[in-house]
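Here, each number is a calculation from the coordinates, and none is a lab measurement. Every value quoted in this text rests on a predicted model; they were computed, and no experiment measured them. Note: ideal-geometry Cβ built from the backbone for every residue, glycine included; neighbour counts use all protein chains shown.
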Amino acid sequence: MPDTHRYWNSRQRRCRLICLSIGLLLGGCETLKPGNGPQSGTKVAKTERHAFIVSGDPQYLAEKSMEPKKLDPFSEEANSRFIKIINQFPETKIPEKMGGGSVSKDILGMIVTGDLIDSADKSGGPYPAMQEFEWARFLKDYGLKGGDGKIHYPVYELHGNHDGPQGDTFIIEEIIRRTPRRPQISNISPNGLHYSWDWGPLHLVNLGMFAGKGEKRREGHHYAPRSSLEFLKNDLKQCVGDSGNPVILSFHLHPFGPEYDWPKEDLDAFWAILSNYNVVALFHGHTHGSPPSRNRWDGKKFGGKLEDGLDIFNPDDSGAAKIDKRNPGKGVGINHGFLYVEFLDHPGAKPDQLVIRSYATRDNWATHDWHSSWTRDLQNKDL
């Protein structure tokens, strides 16, 4: 059954700041401009639906060869089927028990929470050639702006550990090269790796591996944060400020994992920053948990049954399947999923809503269906 949760935070009870100066820039961030929201004095007559997809870990895997010519057959099957499903997704019927209606015909884009390919965390032997093959296939399938690849929507990817645990592979350089050309980008980090954009009143930020301070990994930890925490702090200050606009953050690692993945001091600093803003959801990859799931965080502890806290969503992986080495005729990692997200911008006194629904498979996308739904009432920015 859908899980409806009404969560209010006193810090979030702020009116939205409507900028009257069109084209105003705050430290490189474009605030409100024509098309971003209602003009002063304009009455919003109906609910505006801002819909997008969150997926993770396609993890394209090439055959193990010095000159790969094809993907692992189960990786090929999973990713090809997923793209077909995604492209046919608009106007798909939604079950009544999950709110009814249908998927928006105007999907704004797709966030991909890392591990785009499988082999960039390995070196030597066949792996450099496999990395090149896997990345070429990702580009061919996903494209960038929608329609320049097989996927019909703009793509907003970030990197995971399989793309380069220290954030220094050619995959990282490719993401940096792609970012300025993404639709609606409003801010990019000094190192070019992290970025933010707006969909209607929503402010979205992609933070790479995880939110942490400094460029390099800390002693005793696995991954480099590439100064994502510094970017987040400045981005929210400049692009959101006191507006009260809803914020969504995406990254690869789950924050409730072992400390060697996400250092505690970085996690504490992350909470200190986001608790000052109207952050309505966090999305991560990495864990491949099937079906997609929701956790919750109150700054001290994590748990799916916490009454209050910030919602953290795992979209599952979309294509990280491969041959079972013990049984080559079968595949492993064939359970997949993704999330369909709607921000409902209601007029008048009715609370705005964030509605997140999961879609999943247990047979490498041969069959698939809706799974779960979560609805959260939000502060109405028009009050």
Output the antiparallel fraction of DSSP beta bridges having both residues in the chain, as a percent to the nearest 5. 65
Let me understand the chain better: what is its radius of gyration from the alpha carbons, and its Dmax, in angstrom? 20.1, 66
In which sequence would 69, 233, 122 go, from the one with the fewest C-beta neighbours within 10 Å to the one with the most? 69, 122, 233
Among 167-176, 265-274, 214-223, 310-319, how do they line up from the highest to the lowest mean number of other beta-carbon atoms within 10 Å? 310-319, 167-176, 265-274, 214-223
Longest principal axis of the chain (C-alpha) makes with the long axis of helix 127-142 (C-alpha) an angle, in degrees to the nearest 10, of 40
By how many nm would the segment from residue 298 to residue 260 lengthen if fully extended, with 0.36 nm per residue of separation less the alpha-carbon distance? 11.6 nm
Relative contact order for the chain: what is it in percent, counting Cα pairs under 8 Å that are at least 6 residues apart? 21
Just report the Cα centroid separation between segment 169-243 and segment 69-90, whole Å. 28
